[in-house]
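A short write-up of the structure that comes next.
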Amino acid sequence: MDRPEIILAPGPTPIPPEVLLAQGSPLVYHRGPGFGGLMREVTDRLKALYRTDSADVLLMTSSGTGGLESAVQNVFSPGDEVFVPLAGFFSERFKALAESQGLVVRTIDEGWGTRIDPARVAGQLAEHPVKAVLLTHSETSTGVIQPVEQLARVANDAGALVVVDVVSSLGAVPFAFDDWGIDVAIGGSQKALSASPGLAFVAVSERAWTASATATCPRFYFDWATYRRFADLPHPENPWTPAISVMQGLRAALELYFQDGVDVAMSRHRMLSTAVKEGARALGLDLFGEGLEDNWTVTAIRAPEAADADAICDRIRSDYGVVLAPGQGPLKGTVFRIGHFGYFSELDIIRGLAALEMTLEKLGHPVKRGAAVAAAESVFLET
């Protein structure tokens, strides 16, 4: 049967019908009170999600990567020294992005799948001060949630700005912009909020604005000062034509998210994460990455000897229409990943695990039929 695929990847996540309907509604003209009200609603909700009273939140038509680039362009000048601890694909990409703008990047390489040691970062910063520390909260390539609260503390103690990629963590795991001493945090619409791809949002502290005033990296489309000037109009606007339909969908997604609240969403993500992990273990599979109990966004699973991880992803998609994420970088072929944040329910996880059981059996891995499903059901019934 020709049916939509079942997305169990770590983003873009499935989109609720209410969000699709909002995106299909008539456009709100982007120069006037209608769009101004839309912007205010979205911005206020995002500030609550960021847990900030002090930061400005800027909305940009872009993927999360554009938001990250805007942070580098607006806060730094060529030649500025920054520190990027490496532990996966997306922290390495942050390093590459900073270098592309002429920054001098200092690093430590903790290895893929590890949690970055705040004490080691503190030692590096004491030995060689930098202007800022660039962090990746949810390292989607490994499933590891990094200890950003502790890392931000040692960065602040060293007098460095703190810039955090929260694209796949905001709304999925605990985060507190003000309390943790964050200066810039970049999110995206297509992850925990289950809106369509196409919007980035950047929270900016007063310290970051001060740095931006003297930063000299070239920028135009992503010039924060321009975004703030338009956002401060009596009827807020974007400086450039925004993705109006996606913005309307994001407002609906935020309304759904806040119906039950942040804490309920966090508890659901933790429950779904536990169910996936217990289901994988019930199939005799090993999990990858440190801090498994805190990794609520995505679970990285080692492929068994009988099957290559990419073959598992290809087969489960072709046979059952289930989309898993293959490994990246040095993990390609050895790890596959299951996402479990955003618009997922218990039954989404159960049918995904059932498809995984059948796929592994077809590929020659010994499977006790129903073991993964039973393990997940136990989690759901006991939670």
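Taking Cα centroids, how far is segment 312-355 from segment 101-118 in Å? Centre-to-centre (Cα) distance: 28 Å. Taking only the alpha-carbon positions of segment 92-174 and ignoring solvent, what does the Debye formula give for the base-10 log of I(q)/I(0) at q = 0.16, 0.20, 0.25 Å⁻¹? So the normalised log intensities work out to -0.60, -0.97, -1.45. Packing-based ranking of 36-42, 315-321, 151-157 yields 151-157, 36-42, 315-321, ordered from highest to lowest mean Cβ neighbour count within 10 Å.
Dividing the helix sum by the residues of the chain, where each DSSP H run of 4 or more adds -39500 (n - 2.57), gives a mean residue ellipticity at 222 nm of -13500 deg cm²/dmol.
Which net charge results for the neighbourhood of Asp179, defined as the other residues with beta-carbon distances under 11 angstrom from its beta-carbon, given Lys and Arg at +1 and Asp and Glu at -1? If you can, show how the numbers build up before the last one.
Values: positive: Arg51, Arg153; negative: Asp53, Glu149, Asp178.
The answer is -1.
Close amide-amide hydrogen proximity is noted between Leu135 and Val163, Val164, Asp165, each under 5 Å apart and 5 or more residues distant or on a separate chain (H modeled in the peptide plane; Pro and chain starts excluded).
Any idea what % of Cα-Cα pairs in segment 154-218 are farther than 18 Å? When every Cα pair of segment 154-218 is considered, 43 percent fall beyond 18 Å. With the convex hull of the Cα atoms taken as the outline of segment 119-228, the averaged projected area works out to 7.9 nm². Of all the Cα-Cα pairs you can form in the chain, what percent are over 38 Å apart? Within the chain, distances greater than 38 Å cover 20 percent of Cα pairs.
Here segment 1-122 is treated as a sphere whose radius is the Kirkwood value from Cα pairs; by Stokes-Einstein at 37 °C and 0.692 mPa s it diffuses with a coefficient of 179 µm²/s. Hey, any idea what % of the chain's accessible area is carbon plus sulfur with a 1.4 Å probe? Here it works out to 52 percent.
Run the dipole for segment 33-187 about the Cα centre, Lys and Arg Cβ at +1, Asp and Glu Cβ at -1, nothing else charged, and hand back the magnitude in debye, nearest 20.
Details: 11 positive and 20 negative charges, 41 e Å.
So the dipole magnitude of segment 33-187 works out to roughly 200 debye.
Using θ = phi - 60° in the Karplus curve 6.51 cos²θ - 1.76 cosθ + 1.60, the 3J(HN,Hα) couplings for segment 162-170 round to 10, 10, 10, 7, 10, 4, 9, 10, 4 Hz; x is entered for Gly and Pro.
With the whole protein complex present, Trp296 retains an accessible surface near 30 Å², based on a 1.4 Å probe.
Could you size up the charge dipole of the chain around its Cα centre, putting +1 on the beta carbon of Lys and Arg and -1 on that of Asp and Glu, and report it in debye to the nearest 20?
Details: 32 positive and 46 negative charges, 108 e Å.
With only Lys, Arg, Asp and Glu charged at Cβ, the dipole is about 520 debye.
Of Thr142, Thr299, Thr210, the residue with the greatest mean-square motion in the GNM of the chain, using alpha carbon springs below 10 Å, is Thr210. Report note on the peptides 68-74, 182-188, 250-256: ranked by the mean count of other C-beta atoms within 10 Å, highest first, their order is 182-188, 68-74, 250-256. Peptides 347-358, 226-237 ranked from most to least packed by the mean count of surrounding Cβ atoms within 10 Å: 347-358, 226-237.
For Leu20 and Val104, the difference between the fully extended length at 0.36 nm per residue and the C-alpha to C-alpha distance is 26.0 nm. Please name whichever of Leu20, Thr136, Ala71 sits farthest to the positive end of the charge dipole of the chain, dipole taken about the Cα centre and charges placed at Cβ: Lys and Arg +1, Asp and Glu -1. Of the listed residues, the answer is Leu20.
In debye to the nearest 20, how big a dipole does segment 307-383 give about its Cα centre with +1 on each Lys and Arg Cβ and -1 on each Asp and Glu Cβ?
180
Residue-wise HN-Hα couplings along segment 189-198, as the Karplus relation 6.51 cos²θ - 1.76 cosθ + 1.60 with θ = phi - 60° gives them from phi, are 6, 9, 10, 5, 7, 6, 9, 6, x, x Hz; Gly and Pro carry x. Could you tell me which of the pairs Lys191/Lys362; Lys95/Lys191; Lys191/Lys277; Lys47/Lys332; Lys332/Lys362; Lys47/Lys191 are separated by over 26 angstrom between their Cα atoms in the structure shown? Listed pairs above 26 Å: Lys191/Lys362; Lys47/Lys332.
The values are calculated or read from the model by the stated rules, or taken from the named source; none is laboratory data. These numbers were taken from a predicted model, which means no experiment stands behind them. Neighbour counts are summed over all protein chains in view; Cβ atoms, including those assigned to glycine, are modelled from backbone coordinates with ideal geometry. Ligands, DNA and RNA are excluded from the accessible area calculation, which covers all protein heavy atoms including side chains. Shrake-Rupley method; radii C 1.70, N 1.55, O 1.52, S 1.80 Å.
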